[in-house]
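Okay, so here's the structure we're looking at.
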Amino acid sequence: MCDSEGSCHVLLLEDEPMILMDLEFAAEACGCNALCATSVKQAMKHLDSERPVRVGILDVNLGEGQTCEPVARELERRGIPYILHSGDLDRQNETVRSLNAQLIPKPANANHVISTAMECVGRKCG
Amino acid sequence: MTDDEQERSRPSQAMGNPKDFDDSPERFRDENPDARFGGASEVLFEQAMAQTRMAICLCDPNKPDLPIVFANKAFRNLTGYDEAEIVGKNCRFLQGPETDPEPVRKMRQAIENEDVVVVELLNYRRDGSSFWNALHLGPIYDSEGKLKYFFGSQWDVSDVRAARAEEHYAREMARELSHRMKNMFSVISGIVNVTGRMRGIESEAQEINDRVQALGRAYETTLDDASAGRIEIGQAIRAILSPYDVGESHLRLLGNGIRVPFAAVSSIGLVLHELAANATKHGAWTRDDGLVEVDWQEKGEDEQRVVEVTWREKFGPKVTIPADAKGGSGNEIIDRLLRFSNGCIDREWHEDGLVAVARVPIWKAS
């Protein structure tokens, strides 16, 4: 699933730029190539690009009522694993429950989030 | 005498003054010659109808459009209508512009099926004001099993509904606050990490983040309890320490049910975080079978009241008392923190681990 340069593409969907940057750094430190998105639209664009996404890390609540659900469904459709990274365990409960994915509650260490995602695809990190 | 009793003892003269309402059994019998009340039933009916604060009416399904044939005084009080305005009407006269058709549909269905139903619907008083009516409706049969009446009892639940709405709102607010707080801690964490990476001080950034996140976890547990003013410390302790308990078998929490002021949560939270970080680096949690027991008790009276938290490491590596026992930034943070809150900590190095007892005052003049 990794492309010719051997780098592993990780889709990061997170509407908070500082958290996104933190995850991006952690992904890079782990030898991955981070595809960063702050909205469903951007994430879908990454999915339609040439680069094969190996695993997704999705923030559940993307602000203004938007959730990661469409992206999660698309990843499921393509058989790409993903994990959820959310601080809102209650309000989005139904969305979270309907998605069959591991959930890491915020705030969490970025390295921990990345290495958990890597475990999903059988890669070791750091 | 209460109003009810006066009302009841008055002879049947209700028709003279529409404001007077006669809910005596005689009156009911006059208008419903088929109905029989005798002995205990008569006494029961008379007194119950007059005294109950529950608004009650009977409707006659054998007349066109199910008119009300009897309504007690509480019904009049609740709706503000005189008896003459009530009797003969279908109950729907209490409905108004904002009444939801759904409970009305349920009622209609229950009447058709001769079922019992309880619905809440918005009704209107004579003066146009509205109230939430918890209405219980059900059929009444005679001794031959023939449908005689529909019985309706109504209760004004406006206050209950308002309280429910307020509680709901408070819960929503707490959730929103919780969400925003977690998000804020996440962003702070991101800033610290990113700065750390940029400046090449990642391990320092990590140390800062661990403290920030321990505090975040401790505060998180206080949200549910915030209205009570005092926080159940056990939840906070569990939240702070559980991430260190890899495999969930290296931590034993012994304490139970103490409430402490909000300020004590952050002191105790950060102290426990430092002890845990130290145990992970040098103490019991460097061993596979290492164990930490944490207990918390309330001690002392009035001004002397403290929460006493005992940290006991077991099966750790053989302890060599640090030459500089108070050294290390973690220990310094603990000592300073506790000094600020007039607390203290005693450390004893046993053969297989540290035993630390921290005391934080929780007395509050009230």
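Exactly one residue out of B:Ala236, B:Ala162, B:Ala264 is away from every other protein chain (no Cβ under 14 Å), surrounded by fewer than 16 Cβ atoms within 10 Å (Cβ to Cβ) and small (Gly, Ala, Ser): that is B:Ala162. Looking at B:Val192, is it aliphatic (A, V, I, L, M), touching a residue at least 12 places away in the same chain (Cβ under 8 Å), away from every other protein chain (no Cβ under 14 Å) and in contact with a helix residue (DSSP H, G or I) (Cβ under 9 Å, 6 or more places away or on another chain)? No. For the range B:239-261, the set of residues classified as buried (at least 16 other Cβ atoms within 10 Å of the Cβ), hydrophobic (A, V, I, L, M, F, W, C) and assigned to a loop (DSSP other than H, G, I, E, B) consists of B:Ile258 only. Based on this model, can you work out whether B:Phe150 counts as in contact with a Leu (Cβ under 7 Å, 6 or more places away or on another chain) and either away from chain A (no Cβ under 14 Å) or surrounded by 14 or more Cβ atoms within 10 Å (Cβ to Cβ) (or both)? Answer is yes for this residue.
Residue-by-condition table, conditions (1) polar (S, T, N, Q); (2) within 14 Å of chain B (Cβ to nearest Cβ); (3) surrounded by fewer than 18 Cβ atoms within 10 Å (Cβ to Cβ); (4) touching a residue at least 24 places away in the same chain (Cβ under 8 Å):
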residue	(1), (2), (3), (4)
A:Pro17	no, yes, yes, no
A:Leu20	no, yes, no, no
A:Ala26	no, yes, no, yes
A:Ala37	no, no, no, yes
A:Val40	no, no, no, yes
A:Arg54	no, no, no, yes
A:Gly63	no, yes, yes, yes
A:Thr67	yes, yes, no, yes
A:Pro70	no, no, yes, yes
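If you go through the range B:77-116 and keep only what is within 31 Å of the chain's Cα centre (by Cα) and in a loop (DSSP other than H, G, I, E, B), you end up with B:Glu98, B:Thr99, B:Asp100, B:Val116.
Picking from residues in the range B:339-366 that are at pLDDT below 85 and aromatic (Phe, Trp, Tyr), the one that is farthest from the chain's Cα centre (by Cα) is B:Phe340. Only one of the numbered conditions (1) out of contact with any Cys (no Cβ under 9 Å at 6 or more places or on another chain); (2) more than 29 Å from B:Ile258 (Cβ to Cβ); (3) not in a loop (DSSP other than H, G, I, E, B) is violated by B:Leu137, and that is (1).
The values are calculated or read from the model by the stated rules, or taken from the named source; none is laboratory data. Computed from a predicted model, the values in this text were never measured in an experiment. Every residue, glycine as well, gets a Cβ built from its backbone with ideal geometry; the counts of neighbours run over all protein chains shown.
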